Amino acid sequence: MDWSTWFAWFDARDADIAREVLQRGIAALFLVAFASTLNQFRPLLGEHGLLPVPALLRAVDDAERRVRERAARAGEHLRRLGRTRRLGYLGPTIFRRWRYTDARLAVVCAVGMLLAASVVVGLPQLGPPWAPMLVFLGMWALYLSIVSVGQTFYGFGWEMLLCEAGFLVAFLGSREVPPPLPTLVLVWWLVFRLEFGAGMIKIRGDRAWRDLTALFYHHETQPMPGPLSRQAHLLPKWFHRLEVVGNHTAQLVVPFLLFAPQPVRTIAAAIIIGTQLWLVVTGNFAWLNWITIVLAFGAVGDGVVERLLPWLPVGPIEASAEATSPPWWIVLVLAVSLFLAWLGRKPLMNLFSRRQLMNASFDRYMLVNAYGAFGTITRQRVEVIVEGTADDPAEPDAEWREYGFKGKPGDPRRIPRQFAPYHLRLDWLMWFLPLGRIEEQWFLRLLQRLLEADAATLRLLAHDPFDGERPVAVRARTELFRFSTRSEHRRTREVWVRHPLGVAIPSISLGEPDLD
């Protein structure tokens, strides 16, 4: 059989630059993700963290043991045990067999960062096609192990998106072979699900998206505003309505054009990239916008890039014109592509379901997922303010001092900083507190760590008002925040205007039952 004739369609000859951007871009985001984990995991989820992983693993082991015992007594051990695993008490993680310790977590992050850096500088791409494949599968497996035990601190859509993208780009090959078209089509399909799913969530959700008023509030009430969020919020309302129209167009119409011939496909990718860059400028959404930009570039053709950027040294990137994919590589990529396409039937049905799921995985390995965000828009920004005192908290004149967070609004004069694509996990969860139950287990433990003046926890904050010393008591209040108007800012130099609401968690000291 003449493989080069039968499978000439397999090789995408106009996607060498797209492959470079996909591989290096996803690897760079893995590098950020592993670095974020290395810096924050121990105080959040480590051996003495707010939600300790060892305690989670013990609870899962106990639950599975009880199921085994009940199934064995009923004579249905294998069937019931299999059902338990399908229910997924815990996702796949190396920390089940290789027991979790903070030191081992550091090793996992270091190895992940080393693998990611190797792709960013282009080393595996110089070898055979299996070289970058193994590196990306290694990053995917290591990060999946982290996400599986990350609990609420890793319950964000971009975590599973990074896992799905990392597994997918593993099958883009190296410079020895042309980029495989089936993998690129799956990349386009991922972008389609990401954008169209987010658009449908909005249309089905808050009325503000349908009457074009959502952006009247969103720049001000989003989880973590950026340096230009206030300026965006103060733009005229007609502009905010155009923003919503542009969002609906980019998410509900343009994704279909990703499957059109060139140059239409590149134009569609450019529109998606442009809208994502606007989100980068006006907010802090970890690596969600950046990974969407990288994935959308997978639809950009080499010819368009060469015409727009003639100075770009494309020559060293391009695979040899005579190069073709070897049979083993074609069989492997087709097998993986068919498997992912089969799994993809569930997220496809979810897109058109009345009960559309948002940020949900359809398999334990996070290979195909459903995405979406901000189906509901909050109209007002309520912040939880954490305070401590060195005085007797029962005294009416006790001095309460505020703890400062790195990304969460607090100091009214502080301009919000740009952190994305870095993910401040504690700050993000602080935004969710007023929307749900403020007595979350992790938050009560955070208060306890502050009472203990735990050094690792304090490093997660921007300001410790007690300089490492223990306060006598801590409490949590709620305040209403809004951006200052231009006239207010000229008069006070304040970015935020704060209005006290009330005490959410009264004064707590070490040893009190509320913290047990």
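The values are calculated or read from the model by the stated rules, or taken from the named source; none is laboratory data. No experiment lies behind these values; they were computed from the predicted model shown. No Cβ is skipped: glycine too gets one built from the backbone with ideal geometry, and neighbour counts run over all protein chains shown.
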| request: Tally the residues that are aromatic (F, W, Y) and under 17 Å from L105 (Cβ atoms), restricting the search to segment 142-160. | output: 3
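Would you point out which residue out of L458, L480 is surrounded by 13 or more Cβ atoms within 10 Å (Cβ to Cβ), within 32 Å of the chain's Cα centre (by Cα) and without any contact (Cβ under 8 Å) to a residue 12 or more places away in the chain?
On the way: L480 fails: without any contact (Cβ under 8 Å) to a residue 12 or more places away in the chain.
Criteria check complete, one pass: L458.
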| Hits in segment 404-428 (condition: in contact with a Leu (Cβ under 9 Å, 6 or more places away or on another chain), of a type in the set (A, V, I, L, M, F, W, C) and part of a helix (DSSP H, G or I)) | L426
| request: Name the single residue, out of those in segment 387-403 being among the small types (G, A, S) and not in a strand (DSSP E or B), that is modelled with the lowest pLDDT. | output: A394
| Within segment 67-89, is even one residue charged (D, E, K, R), farther than 23 Å from V111 by Cα and at pLDDT 95 or above? | no
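For V187, are the conditions met, namely being surrounded by 23 or more Cβ atoms within 10 Å (Cβ to Cβ), touching a Gly at 6+ places or on another chain (Cβ under 8 Å) and not charged (D, E, K, R)? Outline the logic, then answer.
On the way: surrounded by 23 or more Cβ atoms within 10 Å (Cβ to Cβ): yes; touching a Gly at 6+ places or on another chain (Cβ under 8 Å): yes; not charged (D, E, K, R): yes.
Yes, satisfied.
Quick one: which residue in M366, M358 is outside the structural domain of A453 (by TED's automatic domain parsing), crowded, with 20+ Cβ neighbours inside 10 Å and more than 27 Å from V497 (Cα to Cα)? Spell out the reasoning first.
Details: M358 fails: crowded, with 20+ Cβ neighbours inside 10 Å.
The conditions single out M366.
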| said: Looking at the structure I just gave you, is R449 among the basic types (K, R) and assigned to a helix (DSSP H, G or I)? | reply: yes
| query | Does W209 meet the test of being among the aromatic types (F, W, Y) and buried (at least 20 other Cβ atoms within 10 Å of the Cβ)? | reply | yes
| field | Selection from segment 127-180 of residues that are within 17 Å of R24 (Cβ to Cβ), out of contact with any Pro (no Cβ under 8 Å at 6 or more places or on another chain) and among the small types (G, A, S) | value | G127, G138, A165, G166
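So, R70, is that one outside the structural domain of T457 (by TED's automatic domain parsing), closer than 30 Å to T101 by Cβ and among the basic types (K, R) or not? Even if it seems obvious, please write down each step before you answer.
Working: outside the structural domain of T457 (by TED's automatic domain parsing): yes; closer than 30 Å to T101 by Cβ: no; among the basic types (K, R): yes.
When the stated conditions are applied, R70 does not pass them.
Taking the condition part of a loop (DSSP other than H, G, I, E, B), in contact (Cβ under 8 Å) with a residue 40 or more places away in the chain, exposed (fewer than 14 other Cβ atoms within 10 Å of the Cβ) and not assigned by TED's automatic domain parsing to the domain that holds F216, does E494 pass?
Numbers: part of a loop (DSSP other than H, G, I, E, B): yes; in contact (Cβ under 8 Å) with a residue 40 or more places away in the chain: yes; exposed (fewer than 14 other Cβ atoms within 10 Å of the Cβ): no; not assigned by TED's automatic domain parsing to the domain that holds F216: yes.
So E494 does not fit the description; no.
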| task | Check F136, F171 and return the single one that is closer than 29 Å to W328 by Cα, outside any helix (DSSP H, G or I) and hydrophobic (A, V, I, L, M, F, W, C). | result | F171
| query | Looking at segment 195-207, which of its residues are touching a Phe, Trp or Tyr at 6+ places or on another chain (Cβ under 7 Å) and among the hydrophobic types (A, V, I, L, M, F, W, C)? | reply | A198, I203
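On the basis of being farther than 13 Å from A170 by Cα and β-branched (V, I, T), does V149 make the cut? Before you say what the answer is, go through the steps one by one.
On the way: farther than 13 Å from A170 by Cα: yes; β-branched (V, I, T): yes.
Judged against the criteria, V149 is a match.
Can you pull out the helices (runs of 4 or more DSSP H) entirely within segment 1-73 that have at least 3 residues that are among the basic types (K, R)?
Working: elements: 3-6, 16-45, 53-73.
Fully inside segment 1-73 and qualifying: 16-45, 53-73.
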| field | Unmet requirement for V177, which otherwise passes all of (1) over 22 Å from P347 (Cα atoms); (2) free of Cβ contacts under 8 Å to residues at least 40 places away in the same chain | value | (2)
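Are any residues in segment 467-500 among the hydrophobic types (A, V, I, L, M, F, W, C) and out of contact with any helix residue (DSSP H, G or I) (no Cβ under 9 Å at 6 or more places or on another chain), and if so, which ones? I'd like the intermediate steps shown before the answer.
Residues of segment 467-500 among the hydrophobic types (A, V, I, L, M, F, W, C): 472-474, 476, 480-481, 483, 495-497.
Residue satisfying the conditions is L480 alone.
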| Q151 passes all but one of (1) under 19 Å from the mean Cα position of the chain (by Cα); (2) on the phi < 0 side of the Ramachandran plot; (3) surrounded by fewer than 23 Cβ atoms within 10 Å (Cβ to Cβ); which number fails? | (2)
| query | Restricted to segment 222-281, and to residues that are buried (at least 16 other Cβ atoms within 10 Å of the Cβ), touching a residue at least 60 places away in the same chain (Cβ under 8 Å) and among the polar types (S, T, N, Q), which residue is farthest from K408 (Cα to Cα)? | reply | S229
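Looking at segment 276-292, is at least one residue in a loop (DSSP other than H, G, I, E, B), closer than 30 Å to R19 by Cα and polar (S, T, N, Q)?
Going through segment 276-292, the residues in a loop (DSSP other than H, G, I, E, B) turn out to be 284-287.
Narrowing further to those that are closer than 30 Å to R19 by Cα: 284-287.
Going one step further and asking which of them are polar (S, T, N, Q), we end up with 284.
Within segment 276-292, one or more residues are in a loop (DSSP other than H, G, I, E, B), closer than 30 Å to R19 by Cα and polar (S, T, N, Q).
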| task | Scan segment 1-43 residue by residue and report those that are surrounded by 24 or more Cβ atoms within 10 Å (Cβ to Cβ) and modelled with pLDDT under 95. | result | A15
